[in-house]
């Protein structure tokens with residue numbers, strides 16, 4: 001039994017909006033992720049950079065008393081420069097990453113695009129989905145966000161993560177994909 005994918009209420013009522021069966025998967029409009037996700041990106045970037053600035057300060061403190069750099073620079077000049085660079089990086093780069101993550105949920109696929117310098121466009125056929133996880137770290141839980149991880153069948157059990165969804169949208173998408181898998185419907189075959 002082959003059903004029209006546009007008649008499936010579970011997929012067409014997801015957060016991505018209305019589905020048009022005539023629109024190819026790669027030309028469908030993409031939905032951006034939540035803007036609040038920028039705070040998760042900034043935190044993920046700030047912690048390692050803080051450790052790097054701290055290491056720079058300790059190294060500078062250990063070298064300056066030995067008069068290796070003392071005649072040229074006052075104490076903690078290099079650490080101050082590293083701290084200023086850290087602040088600029090933590091404020092600017094997550095903005096770039098955020099605007100380059102988007103998704104589209106179609107009747108039989110999920111498309112995820114990401115990447116600032118190196119673009120990755122992933123098309124996941126829902127027929128190959130094995131299981132779906134909704135993950136939340138402490139900061140994501142505080143911000144009301146979640147990440148949807150989709151594990152697919154195939155070589156080496158591939159997993160694709162869609163971060164930055166609102167927790168409600170992630171739950172709706174997981175339920176829609178799960179209902180579609182559990183329905184036992186035959187998937188439309190390409191013509």
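The values are calculated or read from the model by the stated rules, or taken from the named source; none is laboratory data. All values derive from a computational prediction rather than experimental measurement. As a convention, Cβ positions derive from the backbone with ideal geometry for all residues, glycine included, and neighbour counts pool all protein chains shown.
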Over segment 137-155, the set of residues touching a strand residue (DSSP E or B) at 6+ places or on another chain (Cβ under 8 Å), closer than 19 Å to residue 112 by Cα and not in a strand (DSSP E or B) is 153
For residue 166, the lone unmet condition from (1) touching a helix residue (DSSP H, G or I) at 6+ places or on another chain (Cβ under 8 Å); (2) under 20 Å from residue 35 (Cβ atoms) is (1)
What is the residue count in segment 7-54 for residues that are farther than 30 Å from residue 139 by Cβ and either modelled with pLDDT of 50 or more or exposed (fewer than 15 other Cβ atoms within 10 Å of the Cβ) (or both)?
-> 12
Does any residue of segment 105-117 turn out to be surrounded by 13 or more Cβ atoms within 10 Å (Cβ to Cβ), closer than 15 Å to residue 40 by Cβ and either at pLDDT 85 or above or more than 19 Å from the chain's Cα centre (by Cα) (or both)?
-> yes
